[in-house]
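*Asks:* Structure incoming, see below.
The values are calculated or read from the model by the stated rules, or taken from the named source; none is laboratory data. Note that the coordinates shown come from a computational prediction; the quantities given were computed from them, not determined experimentally. Heads up, the Cβs are rebuilt from the backbone with ideal geometry, glycines too, and the neighbour counts pull from every protein chain shown.
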Amino acid sequence: MIKEKVRQFVIVALQKGQKDGIFPEFDYSKILITRPETKEHGDFSTNLSFLLSAQFKINPVALANNLVEVFLETDKEYQMFEKIESINGFINFRLCKDIYFKELKEILRKKNRYGDSLFGKRKKVQVEFISANPTGPLTVGNARGGPFGDCLANILQKSGFISQKEYYVNNSGNQIAILGHSVLKDELSEYKGEYIEELHKENEEKDPDKAGKLAAKMIIDRYIRKTTDRMNIKYDKWFFEEELHRSGKIKQIINILTDKGYTYLKDKAFWFRSTDFGDERDRVLIKKDGQPTYLAADIAYHLNKFQERGFDKVINIWGADHYGDVAGLKAGVSAIGFPDQLEIILLQFVTVIKDKEVIKMSKRTGTYITMDELLDMVGSDAAKYFFLSRGADTHVNFDVDLAKQRSEANPVFYIQYAYARICSVLKKTGIVSSRFNPALLKENIELELLKELAVFPDIIEDVARTYQVQKLPQYVLELASIFHRLYQDCRMIGEDKQLTRARLNLIKATRIVLKEALYLMNISAPKKM
């Protein structure tokens, strides 16, 4: 990655300065290389002078000027930069064009492998997402985790992890009993909607527990799997909670926690000392009636993930309504010997807006709008993009009318149209020669596109590091915007054959990056629109 090359250059320059007695020893891991908010300030920036000034009590602006001198001297050997300057204490770097020209050829050589890295060091990571209770069709709220988890797992795989996707089916416990009562339509019935009417007609069981288990299986097969298939989400495993109860794993986890001294009896219930691990209160594992809680099953499930299946990291993607369950499970995972190996990401709620009004009810469920209903309205690609484009901690206002537009106002259309437009140009020209002179790309918009293409590996690693999946759709939208401006400002096929060849290779590289980014988001890349 170019950013890493800049970082290594800074380290070499610092080491040189230390040998010359200019700078004292410094922790290189603290060095941050970022992109300036204002493009006119350069390609990369570092706040190194502020870090050093705080540590060594030196004026940051004066220190930045000294650092610039050291960097310029070091660059006489490396020849990496057109310009290095200090602005208000920040040090900005403008790379030589040759570096971007080499990166262009690297994209064309690697194709869809561009952006691959060994960042993950082949560690096994499980991403568990959606995992909604099998008590009804998927709503837009719980289905939001689908695109998020799918995309994150894809990016982790590209970044050198071994990632697996999993759906945890809670097909035991009180909610299944309530489902059974609802299917039987007795006095304890709670769930309503057309799907309950359908299940009631087909049910032959009289016992609520059996009716609930059968209904849960039908809901998984008939509704939930159908919806995930429509989103083209392919899970590596569907794990059923019932397996934990049948295999005795929950009893095993109680014994493990008890042997470690983390349980006690109180008010006829069996408690977990989760406060020993930073939780604000202790949690019940076995209720007064002898039934295990969801927490007991969840800890047993995670023992299976870490101990039996050998995952180095587990990422659970939950809805924000599960906020109160996070501390208890993290405490449980720490208690069984796997601290800091569980990450829980909470996704905020979704509001669907159509004709400037919030859609509140669903014919299918009688309560929340289902994901299938949203897919019927806007399609899978638009649904995924709009969900992915917002951070996990951000509420999503899903504008159905915008998602259906076939105009540049709709980001999904705008991005896919860029891809289709490139395909159209390249189809007209036939085979594009790989022998070209990138130095002919001199227009500002051409250089801007070159630089944006080179950002792609940084975006991939950044998402793999931070789980901020929204950075990928935001990046792709910017890339498409730059391409559209290039298409308007520059003739793709002109009289100058050498320049034409260079531009065709530039847009060919753009197509490669666009297609790979769309693939990671599981969004289609149409050749025609």
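*Asks:* Just for helices (runs of 4 or more DSSP H) wholly inside the range 393-501: which have at least 2 residues that are closer than 28 Å to Leu346 by Cβ and touching a residue at least 40 places away in the same chain (Cβ under 8 Å)? Before you say what the answer is, go through the steps one by one.
*Replies:* Working: elements: 400-404, 411-429, 444-466, 471-489.
Output list reads 411-429, 444-466, 471-489.
*Asks:* Please go through the range 294-332 and give me each residue that is within 23 Å of the chain's Cα centre (by Cα), of a type in the set (A, V, I, L, M) and under 27 Å from Arg122 (Cβ atoms), ordered by number.
*Replies:* Val314, Ile315, Ile317, Leu329 - these are the residues of the range 294-332 that are within 23 Å of the chain's Cα centre (by Cα), of a type in the set (A, V, I, L, M) and under 27 Å from Arg122 (Cβ atoms).
*Asks:* Within the range 437-469, track down each residue that is under 19 Å from the mean Cα position of the chain (by Cα), more than 19 Å from Glu106 (Cα to Cα) and either β-branched (Val, Ile, Thr) or surrounded by fewer than 18 Cβ atoms within 10 Å (Cβ to Cβ) (or both).
*Replies:* The answer is Val463, Arg465, Thr466, Gln468, Val469.
*Asks:* Here is a further query. Take Leu95 and tell me if it is buried (at least 16 other Cβ atoms within 10 Å of the Cβ) and of a type in the set (A, V, I, L, M, F, W, C). Quick ask: steps written out before the conclusion?
*Replies:* Working: buried (at least 16 other Cβ atoms within 10 Å of the Cβ): yes; of a type in the set (A, V, I, L, M, F, W, C): yes.
Considered against the rule, which asks whether it is buried (at least 16 other Cβ atoms within 10 Å of the Cβ) and of a type in the set (A, V, I, L, M, F, W, C), Leu95 comes out as yes.
*Asks:* If I filter the range 74-98 down to residues being assigned to a loop (DSSP other than H, G, I, E, B) and within 34 Å of the chain's Cα centre (by Cα), which single residue comes out as farthest from Ala62 (Cα to Cα)? Steps first, please.
*Replies:* Taking the range 74-98 first, the residues assigned to a loop (DSSP other than H, G, I, E, B) are 79-80, 88-89, 96.
Then drop every residue that is not within 34 Å of the chain's Cα centre (by Cα), which leaves 80, 89, 96.
On the way: Met80: 24, Gly89: 8, Cys96: 26 Å.
Checking each candidate, the answer is Cys96.
*Asks:* Would it be correct to say that Ile512 is part of a helix (DSSP H, G or I) and either in contact with a Ser or Thr (Cβ under 7 Å, 6 or more places away or on another chain) or within 14 Å of Ala420 (Cα to Cα) (or both)? Walk me through it before giving the result.
*Replies:* Working: part of a helix (DSSP H, G or I): yes; either in contact with a Ser or Thr (Cβ under 7 Å, 6 or more places away or on another chain) or within 14 Å of Ala420 (Cα to Cα) (or both): yes.
So Ile512 fits the description; yes.
*Asks:* Just name the residue that is surrounded by the fewest Cβ atoms within 10 Å (Cβ to Cβ) out of those in the range 125-175 that are at pLDDT below 95 and over 24 Å from Gln348 (Cα atoms).
*Replies:* Asn174
*Asks:* Can I ask one more? So, in the range 257-268, of the ones that are more than 34 Å from the chain's Cα centre (by Cα) and in a helix (DSSP H, G or I), which residue ends up nearest to Asn171 (Cα to Cα)?
*Replies:* If we filter the range 257-268 for residues that are more than 34 Å from the chain's Cα centre (by Cα), which is where we start, we get 258-268.
Now restrict to residues that are in a helix (DSSP H, G or I): 258-259.
Values: Thr258: 26, Asp259: 29 Å.
For the range 257-268, the residue satisfying everything is Thr258.
*Asks:* So which helices (runs of 4 or more DSSP H) are wholly in the range 100-205 and hold at least 2 residues that are of a type outside the set (A, V, I, L, M) and more than 24 Å from the chain's Cα centre (by Cα)? Walk me through it before giving the result.
*Replies:* On the way: elements: 140-143, 145-158, 174-184, 194-202.
Correct list: 174-184, 194-202.
*Asks:* Cβ-Cβ below 6 Å, separation at least six or inter-chain, first residue in the range 125-136 and in the same structural domain as Tyr467 (by TED's automatic domain parsing) and closer than 12 Å to Ile176 by Cα, second outside any loop (DSSP other than H, G, I, E, B) and not charged (D, E, K, R): which pairs?
*Replies:* Close Cβ pairs satisfying both conditions: none exist.
*Asks:* List the pairs whose first member sits in the range 246-267 and is under 16 Å from Gly290 (Cβ atoms), whose second member is in a loop (DSSP other than H, G, I, E, B), and whose Cβ atoms are under 8 Å apart, counting only residues at least 6 apart or on separate chains?
*Replies:* Close Cβ pairs satisfying both conditions: Ile253/Ile336; Thr263/Arg273; Asp267/Lys288.
*Asks:* Filter the range 15-45 down to the residues that are of a type in the set (Ser, Thr, Tyr) and either exposed (fewer than 14 other Cβ atoms within 10 Å of the Cβ) or in a helix (DSSP H, G or I) (or both), then identify the one that is farthest from the chain's Cα centre (by Cα). If you could, list the steps in order and put the result at the bottom.
*Replies:* Here is the first cut: in the range 15-45, the residues of a type in the set (Ser, Thr, Tyr) are 28-29, 34, 38, 45.
Going one step further and asking which of them are either exposed (fewer than 14 other Cβ atoms within 10 Å of the Cβ) or in a helix (DSSP H, G or I) (or both), we end up with 28-29, 34, 38.
Values: Tyr28: 28, Ser29: 25, Thr34: 20, Thr38: 26 Å.
For the range 15-45, the residue satisfying everything is Tyr28.
*Asks:* Please go through the range 279-326 and pick out each residue that is touching a residue at least 24 places away in the same chain (Cβ under 8 Å), touching a strand residue (DSSP E or B) at 6+ places or on another chain (Cβ under 9 Å), aliphatic (A, V, I, L, M) and part of a helix (DSSP H, G or I).
*Replies:* Within the range 279-326, Leu295, Ala296, Ile299, Ala300, Ala320 meet the criteria.
*Asks:* Something else: Can you name the residue in the range 422-436 that is modelled with pLDDT of 95 or more and crowded, with 16+ Cβ neighbours inside 10 Å and, of all such residues, is farthest from Leu118 (Cα to Cα)?
*Replies:* That would be Val425.
*Asks:* Sticking with this one: Failed condition for Ile344, given (1) of a type in the set (A, V, I, L, M); (2) in contact (Cβ under 8 Å) with a residue 40 or more places away in the chain; (3) closer than 26 Å to Arg390 by Cα, with all others met?
*Replies:* With (1) of a type in the set (A, V, I, L, M); (2) in contact (Cβ under 8 Å) with a residue 40 or more places away in the chain; (3) closer than 26 Å to Arg390 by Cα applied to Ile344, the lone miss is (2).
*Asks:* Regarding Ile507, is this residue crowded, with 19+ Cβ neighbours inside 10 Å, part of a helix (DSSP H, G or I) and touching a Leu at 6+ places or on another chain (Cβ under 9 Å)? Reasoning before the result, please.
*Replies:* Details: crowded, with 19+ Cβ neighbours inside 10 Å: yes; part of a helix (DSSP H, G or I): yes; touching a Leu at 6+ places or on another chain (Cβ under 9 Å): yes.
For Ile507, the condition - crowded, with 19+ Cβ neighbours inside 10 Å, part of a helix (DSSP H, G or I) and touching a Leu at 6+ places or on another chain (Cβ under 9 Å) - is met.
*Asks:* OK, next. Restricting the search to the range 216-241, which residues are part of a helix (DSSP H, G or I), of a type outside the set (A, V, I, L, M) and either at pLDDT below 95 or over 27 Å from Ile336 (Cα atoms) (or both)? Reasoning before the result, please.
*Replies:* First, pick out the residues of the range 216-241 that are part of a helix (DSSP H, G or I): 216-230, 241.
Next cut, of a type outside the set (A, V, I, L, M) only: 217, 221-223, 225-230, 241.
Passing the criteria: Lys217, Asp221, Arg222, Tyr223, Arg225, Lys226, Thr227, Thr228, Asp229, Arg230.
*Asks:* Taking only pairs six or more apart or across chains, which ones have beta-carbon atoms under 8 Å, a first residue in the range 515-529 that is of a type in the set (Asp, Glu), and a second residue that is in a loop (DSSP other than H, G, I, E, B) and surrounded by 14 or more Cβ atoms within 10 Å (Cβ to Cβ)?
*Replies:* Glu516/Tyr114; Glu516/Gly115
*Asks:* Could you tell me whether the range 271-278 includes any residue that is part of a strand (DSSP E or B), touching a helix residue (DSSP H, G or I) at 6+ places or on another chain (Cβ under 8 Å) and either surrounded by fewer than 16 Cβ atoms within 10 Å (Cβ to Cβ) or among the aliphatic types (A, V, I, L, M) (or both)? Full working, then the answer.
*Replies:* Going residue by residue through the range 271-278, those that are part of a strand (DSSP E or B) are 271-272.
Checking the rest, the ones that are also touching a helix residue (DSSP H, G or I) at 6+ places or on another chain (Cβ under 8 Å) come to 272.
Pick out the ones that are also either surrounded by fewer than 16 Cβ atoms within 10 Å (Cβ to Cβ) or among the aliphatic types (A, V, I, L, M) (or both) and you get none.
Within the range 271-278, not a single residue is part of a strand (DSSP E or B), touching a helix residue (DSSP H, G or I) at 6+ places or on another chain (Cβ under 8 Å) and either surrounded by fewer than 16 Cβ atoms within 10 Å (Cβ to Cβ) or among the aliphatic types (A, V, I, L, M) (or both).
*Asks:* Can you pull out the residues in the range 392-417 that are touching a helix residue (DSSP H, G or I) at 6+ places or on another chain (Cβ under 9 Å), surrounded by fewer than 17 Cβ atoms within 10 Å (Cβ to Cβ) and charged (D, E, K, R)?
*Replies:* Asp393, Lys404, Arg406, Glu408
*Asks:* Determine the pairs where a residue that is in a loop (DSSP other than H, G, I, E, B), located within the range 46-66, has a partner that is exposed (fewer than 14 other Cβ atoms within 10 Å of the Cβ) with Cβ atoms under 8 Å apart, the partner being 6 or more residues away or on another chain.
*Replies:* Close Cβ pairs (under 8 Å, with a partner that is exposed (fewer than 14 other Cβ atoms within 10 Å of the Cβ)) amount to Asn47/Leu32; Asn47/Thr34.
*Asks:* Scan the range 102-119 and report the pairs whose first residue is under 18 Å from Val432 (Cα atoms) and whose second residue is part of a helix (DSSP H, G or I) and of a type in the set (D, E, K, R), with Cβ atoms within less than 6 Å and a gap of 6+ or a chain change.
*Replies:* Sorted first by the residue in the range 102-119, then by its partner, the pairs are Asn112/Glu516.
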